[in-house]
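Reading through the structure tokens given below for one structure.
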Amino acid sequence: MRLARNPIVRESLIVLAGVLAISFIFNFSREDGIPLIAGAEDFRVQTKAEFASIEDAYRLFEDGRAIFIDAGAPEVYALGHIEGAIDAPPGSPELAGLTWLAEADTYVICYTAAKSQRQAGVVADKLMEMGCKSVFVLLGGFEAWDEQGFPVDGTAHKTGE
Amino acid sequence: MNGRMTEVLSNKWLILAIRLVLGVTFIWASIDKIANPGGFADSIYNYRMLPHETINLMAIVMPWLELVTGILIIAGILMRGSAFWIGLMLLVFIVALSSALARGLDIDCGCFSVEGGHGVDMWLLLRDILMFLGALIVMFFGTSAMTLRRSAD
């Protein structure tokens with residue numbers, strides 16, 4: 001009880017109670033609210049695009065028949081990315097500027113450096129919305145590419161070392 | 001702690017400056033997360049520190065905790081309680097960032113934007129440590145000077 005009389009503890013509890021009420025009401029009343037408890041499947045990539053294996057992607061890379069899109073933040077892209085990849089995170093002007101891809105006769109392969117390729121899925125869907133055909137998400141993303149020793153730009157990436 | 005140090009840390013202008021920096025930072029940080037809770041849940045997931053079951057709860061509550069405490073600490077209402085939560089959140093960020101750096105994770109920090117934010121690095125860690133110290137100062141030395149609460153009184 002003495003603890004509850006401490007002004008910091010008392011104020012913290014009041015703030016927490018208010019925040020819990022506001023956040024739950026807001027989340028559950030909005031259309032894109034998320035469930036309180038997530039399962040592992042909620043964090044897997046969800047996309048309308050198809051998936052490309054590392055081997056298929058590398059074959060297209062060697063033949064110069066694919067353009068790679070890195071969906072990660074510029075700072076992460078700078079650390080390491082597939083050689084020649086374009087950085088275009090979700091919501092970025094770079095992504096919005098890729099309208100020319102819709103006219104290009106090429107495969108488009110999206111990936112990120114994160115384990116989950118969710119952001120790559122978001123970018124792939126956006127590119128398909130923009131009219132791009134032959135859009136794929138790279139299975140395993142940058143980590144799997146780097147582990148194979150395939151060409152990368154950037155020197156600070158930790159994976160594959 | 002000696003009297004001189006206490007006097008410096010209790011300075012109302014110092015406290016006001018810290019409150020403004022913390023408040024603006026946390027309000028700004030909350031907006032994109034509130035707009036996109038699913039994306040923020042992904043950012044938390046990328047740190048690979050929490051069990052799946054707890055990630056959405058954190059993604060729902062934390063942005064609002066940032067917004068509400070940011071507003072309250074600027075207004076000076078429930079200021080020390082708000083400073084406590086800001087300090088606690090910063091402590092969580094510091095642990096998560098340190099862990100991500102130690103494991104060599106190349107991920108978006110999820111600090112201000114859930115889509116294409118800032119990567120994790122030492123500067124980010126240093127920034128959070130400084131803000132954490134600021135939150136402690138407000139929590140332990142904050143007074144009702146220069147607050148809306150004082151005006152109401």
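The values are calculated or read from the model by the stated rules, or taken from the named source; none is laboratory data. The model shown is predicted, which means the values in this text are computed figures rather than measured ones. Note that each Cβ is placed from the backbone with ideal geometry, even for glycine, and that neighbours are counted across all protein chains shown. In case anyone asks, the SASA skips ligands and DNA or RNA and just uses the protein heavy atoms, side chains included. Shrake-Rupley method; radii C 1.70, N 1.55, O 1.52, S 1.80 Å.
Brief remarks on what is shown
- Additional length obtainable on full extension of the chain from A:Ser29 to A:Ala96, 0.36 nm per residue less Cα span: 21.1 nm
- Accessible area buried at the B-A interface, both sides summed, 1.4 Å probe (Å², nearest 100): 3500
- Summarising the amide proton neighbourhood of A:Cys110: residues at separation of 5 or more, or on other chains, whose placed amide H is nearer than 5 Å comprise A:Ile69, A:Phe136, A:Val137, A:Leu138.
- Here is the tail figure for the protein assembly as shown: Cα pairs spaced more than 26 Å apart come to 52 percent of all pairs.
- Å² per residue, accessible surface of segment A:44-155 at 1.4 Å: 46
- Karplus-based coupling profile of segment A:84-92, in residue order and whole Hz: x, 5, 9, 8, 8, x, x, x, 7, with θ = phi - 60° in 6.51 cos²θ - 1.76 cosθ + 1.60 and x standing for Gly or Pro.
- Across peptide B:69-81, the average count of Cβ atoms from other chains found within 10 Å of a residue's Cβ is 3.
- As a calculated quantity, the FRET efficiency between B:Glu7 and B:Leu148 at R0 = 30 Å, using C-beta atoms, amounts to about 0.75.
- Segment B:35-45 - phi-based ³J(HN,Hα) in whole Hz, Karplus 6.51/-1.76/1.60, Gly and Pro as x: 5, 9, x, x, x, 5, 4, 4, 4, 5, 4
- Computed from the Cβ-Cβ distance with R0 of 41 Å, the FRET efficiency linking A:Thr106 to B:Val95 stands at 0.40.
- Taking 0.36 nm per residue of separation and subtracting the current Cα-Cα distance, fully stretching the chain between A:Ser53 and A:Leu20 would add 7.6 nm.
- Working note: Karplus 6.51/-1.76/1.60 with θ = phi - 60° gives segment B:77-88 the couplings 9, 6, 5, 6, x, 5, 4, 4, 5, 5, x, 5 Hz, where Gly and Pro are set to x.
- The mean count of C-beta atoms from other chains within 10 Å of the C-beta of residues in A:10-23, rounded to a whole number, is 6.
- R0 of 41 Å, Cβ-Cβ distance B:Leu133-A:Leu36: FRET efficiency to nearest 0.05: 0.75
- Percent carbon-and-sulfur accessible area, chain B, ignoring ligands, DNA and RNA, probe 1.4 Å: 71
- Remark: mean inter-chain Cβ contacts per residue of B:58-67 equal 5, using a 10 Å Cβ-Cβ cutoff to other protein chain atoms.
- List B:Tyr45, A:Tyr111, ordered by accessible area with a 1.4 Å probe, largest first: B:Tyr45, A:Tyr111
- Kirkwood-based Rg to Rh ratio, chain A, C-alpha trace: 1.17
- Chain A: angle of helix A:7-29 to the longest principal axis, Cα-based, in degrees nearest 10: 50
- Projecting the Cα atoms of A:Val15, A:Thr112, A:Met128 onto the charge dipole of chain A, computed from C-beta unit charges around the Cα centre, puts A:Val15 farthest toward the positive end.
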